[in-house]
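Everything on this sheet refers to the single structure shown next.
Just so it is clear, none of the values below were taken in a lab; they were calculated from the coordinates. Predicted model only: the values in this text are computed from it and were never measured. Cβ sites come from the backbone with ideal geometry, for glycine too, and all protein chains shown count toward neighbours.
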Amino acid sequence: MKVALLAGGTGGAKLAAGMQEEIGADLSVIVNTADDIETLGVHVSPDPDLVTYWLSGEIDEERGWGIRDDTFTVFERLTRIGAPAWFGLSDRDLAACLYRRQFLDEGGRLTDAQAQISRALGVTAEVLPMCEEPVRTQVLTAAGRRALQEYLIVDRGEPEVDGVELEGIEKAEPTPEVANALRQAEAIVIGPSNPVISIGPILAVPGMQEAIASSGAPVVAVSPFVAGKVVKGPTERFMAAVGRPSSAAGVASLYTGLIDTMVVDDGDPDPPPSDVPTLATSTLMEGAAGRARVARIVLDHVADLPRR
């Protein structure tokens, strides 16, 4: 079964890793690029690289980001001689970003750079940036606008969020690879990533929701809430900013008219969405076995759904 998975942060990346174990090259992961940042002379794509490292098995699972057992030798020297110290890149992570920067400077596409990085690291699934055009998430706080990475790292995600803006989104469009993945998909899965800052930018790309709807494939969302809490990240803060409750029902309301069903955690104390059918199961993805288990549950569930 060909599957297109929309993903951004850790939850979606972990589900992608589980699905790759189940269906391999039949998986295409459409990834948020509104987190991208130019820093230290390179182009960093945090979400595409995070997904790639989970798929390659190189991820530092304890931290949930970065490359396991990597060093920061180059970054430490850079900061010692005066480079900004707030955004750290380990050596092997920096190598991918250097390659991407050179690839783009020579006229290449973000999609092709990510494909080469993924192939070189032994990834079987496709990792597809959502668009080629630059889109940047801006977080609105009482202290003013903050680029998303600054809000998450410098501010530690602590200030209250008044809103979110996506700079450049009006000029963006799904890449041909993304459009093709959605067209060929037999199932579309919205991963358990932050619905506002990880999934939201993907769905905000002009033409993306239309491409999903016209594919005819059933669409299932996986709730990011496990036992009523998110495993990682400031989802609650961003849900409040868009006026939604921090629950599976609140997430489903952001996908109204787009999803056919939702997989929710069976330990969630909050009522499930009332306007879409749900499957309640344990959605905690502990270790490789846990990721594969949840992936198989989602795949089996969506396989039983009719085409639109």
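Some points to look at:
- Separation in nanometres of the label points that stand 7 Å from Cα toward Cβ, at S214 and E236: 4.1
- Whole-number D in µm²/s for the chain (Stokes-Einstein; Kirkwood sum over Cα pairs; 25 °C, 0.890 mPa s): 126
- Per residue of the chain, the DSSP helices (runs of n ≥ 4 H) give a summed -39500 (n - 2.57) that works out to -10500 deg cm²/dmol at 222 nm.
- Kirkwood Rh (inverse of mean 1/r, distinct Cα pairs), the range 158-308, angstrom: 16.1
- Each part gets one Cα centre, and for the range 232-308 versus the range 107-180 those centres are 22 Å apart.
- Amide H to amide H, with H built 1.01 Å from N, G157 comes under 5 Å of L152, counting only residues 5 or more places away or on other chains.
- Scalar couplings 3J(HN,Hα) for the range 32-43, obtained by applying the Karplus form with A = 6.51, B = -1.76, C = 1.60 to θ = phi - 60°, are 4, 10, 6, 8, 4, 8, 9, 7, 6, x, 10, 9 Hz; x denotes Gly and Pro.
- In order through the range 120-129: 3J(HN,Hα) via Karplus (6.51 cos²θ - 1.76 cosθ + 1.60), integer Hz, x for Gly, Pro: 5, 8, x, 6, 8, 6, 7, 10, 10, x
- When the chain is treated as a GNM with alpha-carbon contacts under 10 Å, the residue of V231, V74, V298 showing the greatest mean-square fluctuation is V74.
- Spin-label model, R308/E170: points 7 Å from Cα along the beta carbon direction are separated by 2.6 nm.
- Put in order of Cβ neighbour count within 10 Å, fewest first, the listed residues E165, E150 become E165, E150.
- Karplus (6.51, -1.76, 1.60) ³J(HN,Hα), θ = phi - 60°, over the range 181-192, in Hz, Gly and Pro reported as x: 4, 5, 5, 8, 5, 8, 8, 10, 10, 9, x, x
- Residue-normalised convex hull volume from the C-alpha trace of the range 113-243: 143 Å³ per residue.
- Where labels lie 7 Å past Cα in the beta-carbon direction, separation of S282 and L104 in nm: 4.2
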